[in-house]
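Encoded as structure tokens, the structure appears first; notes follow it.
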There are 2 protein chains.
Amino acid sequence: MTVLILTSEQDVTADMAVVELNAEGIPVVRLDPAELPGGVDVSGEWAHGAFHGHLSAGGRVVSMSGLRSIWVRRPGRPSARAQAASPWLTEESTQALYGMLRCTDARWMNHPDAARQARYKPWQLWLARACGLPVPATLITTFPRAAREFADRYPDLVVKPVSGAHPGDGTLAVPTTRVRPGEDFRDVAHGPTLLQRRIRKAADIRLTCVGDQLFAARAAHPADGPHASDVVDVRFADAVGPWTPVPVPRRTADAVHAYLTRAQLAYGAFDFVEDVDGIWWFLECNQAGQFGFVEIETGQRIGRAVARWLAGEWSGANPPEEDRNTS
Amino acid sequence: MTVLILTSEQDVTADMAVVELNAEGIPVVRLDPAELPGGVDVSGEWAHGAFHGHLSAGGRVVSMSGLRSIWVRRPGRPSARAQAASPWLTEESTQALYGMLRCTDARWMNHPDAARQARYKPWQLWLARACGLPVPATLITTFPRAAREFADRYPDLVVKPVSGAHPGDGTLAVPTTRVRPGEDFRDVAHGPTLLQRRIRKAADIRLTCVGDQLFAARAAHPADGPHASDVVDVRFADAVGPWTPVPVPRRTADAVHAYLTRAQLAYGAFDFVEDVDGIWWFLECNQAGQFGFVEIETGQRIGRAVARWLAGEWSGANPPEEDRNTS
């Protein structure tokens, strides 16, 4: 039974899991959908009441019925590197590849439908609350008056993109920013705006979840320095860290497990802010969040956990006791 | 409790259901996401453990908690008509609108995740078989050799797009076509190709499903005429029809109900080919298929069924007995 990894050629995070899989002798096929057709080929037949599919990459052919799991790491757009690339060819290639993979019994990290749903920030806020995680008061609106009333009730606010787009996404780079006192909010009418009560930060928390395994890392917030109080978006800070492992409070662990179950996610990277009272406030859950920087700084074996989940050594519900990391 | 219809301004199919809803006194809000922001506004607040959302269109404001159902008919791309339209604004507006609607208890026709999954043709073929519907032998491949071997086994083939794109989609217009004898299939390597055993057609069947209600219409295939045997794609035929109501065989009805349940679809338009022995062969299920032309030709009250489903007069599982249309 083979592990299929969909990702681009340069992906050190994928490399970390592949090393673990190789060490365990688990067959791995790694391919970039951008190479379909050309470097990657697919074939599927529906006849005599059954479906038989095959994938070919790098000269290897694997049966789709022999896939134990599929890791959607950082795949290119299907057919993006094809000689005759076009939107039409991308649509056809997407249909062929993902359409066939949807017919298999493989486990997904993460299933494309779950991944898509998980990207909706408003839904994240709703689900986090429903699962018992503390969420800072938040408003998303195109009504200037609603924004003004919210600012009256919560005078210390930050503004950030609704889509939670990451600065790595190029043109979509908008950092979380503090709202100035007396802001008139007229521009809210030109596009949905997300306002959130600012949490007085003691630390940033990154909680990486792989199946049932939780890896929490904490980076204390610098209490002094010239701009300390203005650094609200850790992704744009000059230097965050060092990240150190911390235990996960039991209530948070239970809530996070509930979140992942309801979201049908096998992997999720939660960002919390720890306030001065030690409360972890939910900011977001990135179903495709990086874990390499955490593993390097903390020594937490996240890549190994991903490899084990993909290998199916233990079910999501029953991780080995020694790998649990909750308090 | 209000019915929300997401569609473009010009949509006679939506009009048919709105007339029925108006007649029943059911409040309806109809809006085009393309008008957000500008003609359409949204606002949602997460505070004190609850989510409260509002929508505004055409001067009316409705609470999202007051939505009984959402009909995703033919919505424009969010913010497409905004003054400062951009991919960024579309992403933000999509997140805000659909992200908030995902937090409601409303019933969807169809939920966006179910709709997305339902568009994968390879998955449709797999699900149709799994539910017991006859599916013609089909191959989707980028391997020329696989295509040749398939053609040896099934000499009478048609070729069509994997994505099942409709000719109405402009540039994606590729009709289903018969494969010539002796075709060498070299071009298959340049893009996924769908080959399917041609069914000797007695009639086209359109089976429109609304919740548990089934409306079947049949258009006999012209047995004579100069090009009769070459017309394989009803969508490109000069004149198809007339469409007349036909009863649905019990086995087909059971299979279709199973398909819709597993696909989590409240609406689906199935295309079958009836062969010379009377067997209905599954071709596809379009989760957004038109029903206006069927209603006009057959007199079947599909628009009324949609309106009743949206109004929630009966649950999907318990339609009124007189509306059942199965044999």
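The values are calculated or read from the model by the stated rules, or taken from the named source; none is laboratory data. Bear in mind the structure is a predicted one, so any value in this text is a computation, not a measurement. For neighbour counting, all protein chains shown are included, and Cβ atoms are generated from backbone atoms with ideal geometry for every residue, glycine included. The area values use the complete protein model at the heavy-atom level, side chains included, leaving out ligands, DNA and RNA. Shrake-Rupley method; radii C 1.70, N 1.55, O 1.52, S 1.80 Å.
Laid out as a table, the results:
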read-out: Partner chain coverage, peptide B:119-129 - average Cβ within 10 angstrom; value: 6
read-out: Most to least packed among B:19-30, A:289-300 [average Cβ atoms within 10 Å]; value: A:289-300, B:19-30
read-out: Rounded to 10°, Cα long-axis angle of helix B:144-153 versus longest principal axis of chain B; value: 60
read-out: Lys, Arg +1 and Asp, Glu -1 on Cβ, resulting dipole of the protein assembly as shown about Cα centre, debye, nearest 20; value: 360
read-out: B:S56 accessible area, 1.4 Å probe, all protein chains in place, Å² to nearest 10; value: 20
read-out: Using a 7 Å Cα-to-Cβ projection, B:R200 label spacings across copies, nm, ascending; value: 8.4
read-out: Listed residues A:D212, A:D187, A:D275, most fluctuating in chain A (Gaussian network, C-alpha, under 10 Å); value: A:D187
read-out: Solvent-accessible area buried by pairing A with B, both sides, nearest 100 square angstrom, 1.4 angstrom probe; value: 5100
read-out: Shielding by partners, peptide A:34-47 (average Cβ within 10 angstrom, other chains); value: 6
read-out: Calculated from backbone phi, Karplus (6.51, -1.76, 1.60) coupling profile of the range A:118-135 in Hz, x at Gly/Pro; value: 5, 7, 6, 4, x, 5, 4, 4, 5, 5, 4, 4, 4, 8, x, 7, x, 10
read-out: Nonlocal amide H pairs with B:G289, under 5 Å, H built at 1.01 Å; value: B:A269
read-out: Length added when fully stretched, B:A23-B:T177, from 0.36 nm per residue minus Cα-Cα; value: 51.0 nm
read-out: Choice from A:Q83, A:Q95, A:Q264 showing the highest fluctuation, given a GNM over chain A with Cα pairs closer than 10 Å; value: A:Q83
read-out: For A:G278, inter-copy label distances in nm, listed shortest first [label point 7 Å out on the Cα-Cβ vector]; value: 7.6
read-out: Computed [θ] at 222 nm, helices only, for chain A once each DSSP H run of length n ≥ 4 contributes -39500 (n - 2.57); value: -8000 deg cm²/dmol
read-out: Under 5 Å, built H, 5+ apart or other chain: amide partners of B:H221; value: B:A203, B:D204
read-out: J(HN,Hα) series, the range B:190-204, from Karplus relation 6.51 cos²θ - 1.76 cosθ + 1.60, nearest Hz, glycine and proline x; value: 8, x, x, 10, 9, 10, 9, 4, 6, 8, 6, 7, 9, 6, 9
read-out: Label-point separation, B:T244 to B:D184 (7 Å along Cα→Cβ), nm; value: 4.9
read-out: Under 11 Å, Cβ to Cβ, from B:W243 - net charge with Lys/Arg +1 and Asp/Glu -1; value: -1
read-out: Accessible surface of A:K201 - all protein chains present, 1.4 Å probe, nearest 10 Å²; value: 40
read-out: Kirkwood Rh in Å, taken over all unlike Cα pairs in the range A:2-109; value: 14.2
read-out: Acute angle (nearest 10 degrees) that the helix A:87-101 long axis makes with the longest principal axis of chain A, alpha-carbon atoms; value: 80
read-out: Rounded accessible area of A:V246 (nearest 10 Å², 1.4 Å probe); value: 30
read-out: Max mean-square fluctuation residue, GNM over chain A, Cα-Cα springs under 10 Å, options A:R262, A:R153, A:R77; value: A:R153
read-out: Distribution of pairwise C-alpha distances over the protein assembly as shown, 20 Å bins, in %; value: 17, 47, 32, 4, 0
read-out: Helix axis angle, B:302-311 relative to chain B longest principal axis, alpha carbon, degrees; value: 40
read-out: Chain A residue with Cβ closest to the axis mapping A onto B, distance in whole Å; value: A:D113, 2
read-out: Spatially close lysines, pair count over the protein assembly as shown: Cα under 19 Å, gap of eight or more or interchain; value: 4
read-out: Label distances, nm, B:E9 versus same residue in remaining copies, Cβ-directed 7 Å point; value: 4.9
read-out: Average Cα contact separation per residue, chain A, under 8 Å, 6 or more apart, as relative contact order %; value: 18
read-out: Magnitude of the charge dipole, chain B, Cβ model with Lys/Arg +1 and Asp/Glu -1, debye to 20; value: 680
